[in-house]
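None of the figures in this text is laboratory data; all of them are computed from the coordinates on show. Model, not experiment: these values are computed from the prediction. Because the Cβ atoms are built from the backbone with ideal geometry, glycine has one as well, and the counts that use them run over all protein chains shown.
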Amino acid sequence: MHVAIIMDGNGRWAVARRLPRSAGHRAGAKAVNAIVEEAARRNVKTLSLYAFSAANWGRPRAEVNALFTLLRRHLLTQTRRCLEQGIRINIFGRRDRLSDDLLRVIERSEQLTAHCTRMQLRIAVDYSAQHSLLAAAHRMRLESDAGHARFAEHLAMVDHGASVTPPVDLLIRTGGEKRLSDFLLWECAYAELHFVDCCWPDFDEKAFAAALEEYSRRERRFGLLSPAPQARAGLG
Ligand code: FPP
């Protein structure tokens, strides 16, 4: 199962407590640790987190720096824990605008965990689904008979994916907004959407379990018809 999360509401969480926005992002990074562990425990195979969108470059310099500092620290402190738990780390998105130092930290985390197979933790950094789709389309343009599967391979290459990204089964967005914000637009073609009002730092293991529980009750049809009632009951 592939779960993708848009971790929204760090800023509002901080403002509500009269704290600087950076404190909200720090609390958000703590929530990341808890959810990563819970996802692995619950047999999620792929977890994609939206940490920094291409549009986020437009935020004040200090906030951008705070986010990159947190991400760097997260990779430096959590890689060993991921390794112990069999979690493979992969950062996806553009790399040409990241600092050399962060690139080294990213490559170290990816290399150290490359053999892990229990769960893949994908963290989107400088990511825009539209940018990735355009770049993949450019790579496809000379391959006249290439199809759906080949496009997914190009997409994985432009995103620096460790392998072709499986389709998203469940997309969770915290913070009360109901939009996709340029996250995994191709991969979410048939994703079930789950929007919650709580801010990301308050999204805990219980809230994650509730999202999975609600997902398990959804009927996924992928554009097909529901099985007839007698077929579902094993009578058809
Ligand atoms: C959206 O909240 C959140 C972000 C732009 C960044 C998400 C980053 C983290 C959770 C921490 C770092 C990540 C990792 C993987 C260690 P917002 O600031 O837009 O909140 P607002 O809508 O309330 O202003």
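Rounded, prolate or oblate for region 1-65? Axes are the square roots of the Cα gyration tensor eigenvalues, ordered a ≥ b ≥ c, and the cut-off for rounded is a/c under 1.5. Because a/c hits 1.5 or more and a/b fails to exceed b/c, region 1-65 counts as oblate. For trypsin sites (Lys or Arg not before Pro), the sites in region 1-81 that DSSP calls loop and that have at most 12 other Cβ atoms within 10 Å are 17, 18. Between the alpha-carbon centres of region 36-106 and region 129-163 there is a gap of 23 Å. For region 1-150, the dipole from Cβ point charges (+1 on Lys and Arg, -1 on Asp and Glu) about the Cα centre works out to 480 debye, to the nearest 20. Placing a label point 7 Å from the Cα of residue 95 along the Cα-to-Cβ direction, the residues of region 139-158 whose backbone N falls under 19 Å of that point are 139, 153-158. Amide H contacts of residue 192 (H built 1.01 Å from N, in plane; Pro and chain starts excluded): 170, 171 sit under 5 Å, all sequence-distant by 5 or more or on other chains. Other residues within the sphere of radius under 9 Å centred on the Cβ of residue 35, judged by their own Cβ, net out at -4 (K and R +1, D and E -1).
Across region 154-194, Cα pairs under 8 Å and at least six residues apart give a relative contact order of 47 percent. Toward the positive end of the charge dipole of region 67-163, about the Cα centre and with charges on Cβ (Lys, Arg +1; Asp, Glu -1), which of 91, 112, 74 goes farthest? After comparing all options, I get 74. For residue 49, the amide hydrogen comes within under 5 Å of the amide hydrogens of 5, 122, 123, 124, counting only partners 5 or more places away or on other chains and with H modelled in the peptide plane. For the chain, which DSSP H helices look membrane-span-like by this rule: Cα extent along the axis of 15 Å or more and mean Kyte-Doolittle of at least 0.0? Span-like helices in the chain: 129-140, 148-158.
For region 101-191, the list of GluC sites (Glu not before Pro) that fall in a loop by DSSP and count at most 11 other C-beta atoms within 10 angstrom reads 143. By its C-alpha gyration tensor, with a ≥ b ≥ c as the square roots of the eigenvalues, how is the chain shaped: rounded for a/c under 1.5, else prolate for a/b larger than b/c, else oblate? Because a/c hits 1.5 or more and a/b fails to exceed b/c, the chain counts as oblate. Subtracting the Cα-Cα distance of residue 103 and residue 209 from their residue separation scaled by 0.36 nm leaves 34.8 nm.
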